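Engineer: Just dropping this structure here.
What follows draws every value from the coordinates through simple rules; no lab data is involved. Quick caveat: nothing in here was measured; it's all calculated off a predicted structure. Note that we place each Cβ from the backbone using ideal geometry, even for glycine, and neighbour counts take in every protein chain shown.
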Amino acid sequence: MKIAGTQYSTISLFTAASLTLVLAACGGGKTVVESDLGIKGAPDWVNKGTQAVNDKDGRLFHGVGAAPSLGDEALQRSTADDRARAEVARMLSTYIDAVSSDYSAAAGTGANANADQSVSRQIKAVTKQNLAGSKIVGRWKDSRTSMVYSIAELDFKSVKTTLEGANGMNDDLKRYIGRNGDNIFDKVTGEKK
């Protein structure tokens, strides 16, 4: 009976902590990422995890990936790098979806499904070009667990330049990205200007 009470108490504590985090996340304003991994001695980026940032270095997508010991250090690093790039791809996909949705709404193309599909195809084709611009900017190995962490970075400025200069992309869409790209980035990342 005592074990069940302890388990209930632990579940209640977890539920309360989760609810607190959810409510704090809904508070609005600039998103502040607190360390949730709490790995002592780790760089801040390891503990903060994947995020889009807007700071003195510009608007950046940061993807963090990790890999356990695999018996081959090169394979372990490569795996962590690939996972970090996958995180950047996930964030970029969210941004691209927002651009497509906002452009379609602004252009009033809701009645024209073919135009919506064309815009979506054009933007997604350019996404692959952008991911090639992501680079691994750091790695860290936890000496206690042998876990390797990698951080990939994609500069939003290069994303915007690639989207604006894409061959075969609708000229109105290019102009829309030029005028509204930064605001959409801020909206996607939860930053208020």
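Engineer: Please work out how much length the chain gains when fully extended from Thr162 to Asp72, using 0.36 nm per residue of separation minus the C-alpha to C-alpha distance, in nm with one decimal. Let's see the in-between values first.
Structural biologist: Details: separation 90, 0.36 × 90 = 32.40 nm, distance 3.61 nm.
Result: 28.8 nm gained on full extension.
Engineer: Add +1 for every Lys or Arg and -1 for every Asp or Glu among the other residues with Cβ under 15 Å from the Cβ of Ser143, and state the total.
Structural biologist: Neighbour charge sum, excluding Ser143 itself: +2.
Engineer: A further question follows. Going highest first, how would you order 138-147, 54-63, 78-87 by mean Cβ packing within 10 Å?
Structural biologist: Put in order of decreasing packing, that is 78-87, 54-63, 138-147.
Engineer: I'd like the FRET efficiency for Asn180 and Thr145, computed as 1/(1 + (r/R0)^6) with the beta carbon distance as r and R0 of 41 Å, rounded to 0.05.
Structural biologist: Rounded to the nearest 0.05, the efficiency is 0.40.
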